[in-house]
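Read-outs throughout are calculated quantities, based only on the coordinates presented, and are distinct from any laboratory measurement. For clarity, every value in this text was computed on a predicted model and none was experimentally measured. Methodologically, a virtual Cβ is constructed for each residue, glycine included, from the backbone with ideal geometry; neighbour enumeration extends over all protein chains shown.
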Amino acid sequence: MAGQILVVDRATTSRITLKVRLSAACYDTLTARSGAEAMACLTRISPDLVVIGGEPMDMTAVALCRMIAATAGESIPVVMMAPAAQRVAALRAGAAAVLDPQSDDLTLLARIRGLLRDGLSHGRAPVPVPGLAEAQAAFLGAPGPVRQIAQVMLIADGSATARLWRQALSPRLPAQLILGEPDRALADAALGHVPDIYLIAADLARPGDGLRLLSELRSRPLSCNAGFVVMLRPEGGDMATVALDLGAGEVLSGLLGQPGSPDELAEEAALSIAALLTRKRIADDRRATADRERALARFDALTGLPNRRFALPRLEALCRRGAAGDGVGVVLMDIDRFKSVNDRHGHVAGDAVLAVVAERLRSELPRPGFVARFGGEEFLAVIPGADCKTAVAVAQRMRSAVGQHAVSLPDVTGGGSLHVTLSAGIASTAGEIDSAELLERADRALRRAKSSGRDRLMVSGYTAAA
């Protein structure tokens, strides 16, 4: 099933009709006749979305919408079927979308797809976690700062129309309203200058240009997560479904800000944009949470280095490419006598040593190689394209970077400093090899380095120490 939807309507015929329409689109559909039944269902099952098709038996549709919003917030979007006179009241009550009761299946389903598409319902993860072999660079970015005042870019069929939009919205919408142009919006998006919301006229220089702009912005990585509102001309209602399926979060219709246009149109537009801003911020928060959880799963919180879970699939992929002639070198390193650091100075000092050693190792490793914390005081350096000589040179630089300078200890431990050294085992291959075998070779070399007196390197297949 595509999702679970609760339909609320006192009229049996309307309730069943809506259920049939939604079930035909593969939604798991539940029904309720009253607000009490609907709230009980939300508590018991917590569906992905609610459609209020008509007045419940025990309260008004607007009252039920307000009750759902107070209980579930934005986690369960509400689509309300209501006449034009109730649209503003429904939006104020917390409805995510308000449709005409006579809306056809295409419009209704497009609205539902739009609300569920980005995982805005409570149980959906908006960003799929990628595979373990994802490139390291994908994990290193940090979320940008949250904009304190929302920014809405107005892209109309002319600057005069855009100014009328701004004049109509500014008293009603607490946001920075900026005028934009299609070409400039695309150029700015390529540089990462993206507003929270784009309000775009469906028809710009030519009919449908606004939809093409929407599609372009949605397809670009730096602007794909913005919110999009499409403004249709009064006669352009048949384009609403297309706009929603292209990625618009809201579609409005009318001559916003034009002389003689009703105040209700401006109020509806402002409420709809404000609701979309709220949904966008929820989606942004969930993406940021997913990014943090993904980073915590693959990175060591103390040192900031990739962990074993990240390193092993990456190394395996590099070893498989060895059949094409790409070499790979590994350096398995261990901090000498690290247990005595914890025993004599405490675990806070031990953590400080690990963090400093990690940073020194990272600074000496050329790209596209990476260093991972492999476990405890053990580190693994992976050097793509490296033969044995190159791997030894890199290992020697890392060993020197760690051993030549003392590590300052935190004041809470009594301060001072201490010297630490590394032992390392090196293995490399210029052909295809199982990553477990390559690591085993490096581990045997490391054990020889430790047993030979520590603070030295050993190369797999050789008996001499460096």
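What to note about this one:
- To the nearest ten degrees, helix 61-72 and the longest principal axis of the Cα atoms of the chain are 10 degrees apart.
- Residues Ala25 and Asp434, FRET efficiency given R0 of 51 Å [Cβ-Cβ distance, rounded to 0.05]: 0.60
- Its convex hull of Cα atoms gives the range 308-459 a direction-averaged projected area, equal to a quarter of the hull surface, of 8.3 nm².
- Compared with the direct C-alpha span, the chain from Ile16 to Ser451 gains 148.8 nm at full extension, assuming 0.36 nm per residue.
- Extension gain, Ala205 back to Glu181 (0.36 nm per residue minus Cα-Cα distance, nm): 7.6 nm
- Taking amide H atoms as placed 1.01 Å from N in the peptide plane, the amide H of Leu204 lies under 5 Å from those of Asp209, Gly210, each 5 or more residues away in sequence or on another chain.
- Ranking of Ser103, Ser272, Ser170 by count of other Cβ atoms within 10 Å, fewest first: Ser170, Ser103, Ser272
- Tilt relative to the chain, helix 388-403 - C-alpha long axis, 0 to 90 degrees, to 10: 90 degrees
- DSSP-loop trypsin sites (Lys or Arg not before Pro) across the range 212-318, with at most 15 other Cβ within 10 angstrom: none
- For the chain, diffusion coefficient by Stokes-Einstein and Kirkwood Rh (Cα), 37 °C, 0.692 mPa s, µm²/s: 125 µm²/s
- FRET efficiency, 1/(1 + (r/R0)^6) with R0 60 Å, evaluated for Asp100 and Arg320 via beta carbons: 0.55
- Inter-centroid distance (Cα atoms) of the range 34-84 relative to the range 245-310, Å: 22 Å
- Debye intensity ratio in log₁₀ form over the Cα atoms of the range 4-117, taken at each q of 0.10, 0.15, 0.19 Å⁻¹: -0.23, -0.54, -0.92
- Of all stretches in the chain that contain no GluC sites (Glu not before Pro) in a DSSP loop with at most 14 other Cβ atoms within 10 Å, the longest one is 1-234.
- Taking all pairs of distinct alpha-carbon atoms in the range 155-263, Kirkwood radius in angstrom: 14.0 Å
- Angle in degrees between helix 209-219 and the longest Cα principal axis of the chain, rounded to the nearest 10: 30 degrees
- Share, in percent, of DSSP beta bridges within the range 338-466 that are antiparallel, nearest 5: 75 percent
- Sites Ala36 and Asn225 - FRET efficiency at Förster radius 35 Å, r taken between beta-carbons, to 0.05: 0.40
- Here the spin labels are modelled as points 7 Å beyond Cα on the Cα-Cβ line, and at Arg294 and Thr71 they lie 3.5 nm apart.
- Rough spin-label spacing in nm, given labels placed 7 Å along Cα→Cβ, for Val348 and Ala190: 5.3 nm
- Mean Cβ neighbour count within 10 Å, used as a protection proxy, ranking 182-189, 51-58 highest first: 51-58, 182-189
- Spin-label pair Gln4-Ser408: with each label point 7 Å from Cα along the Cα-Cβ axis, the two points sit 5.6 nm from one another.
- Between the amide H of Val7 and those of Leu30, Thr31, Ala32, Val51, distances stay under 5 Å, these residues lying 5 or more places away or on another chain, with hydrogens modeled in the peptide plane.
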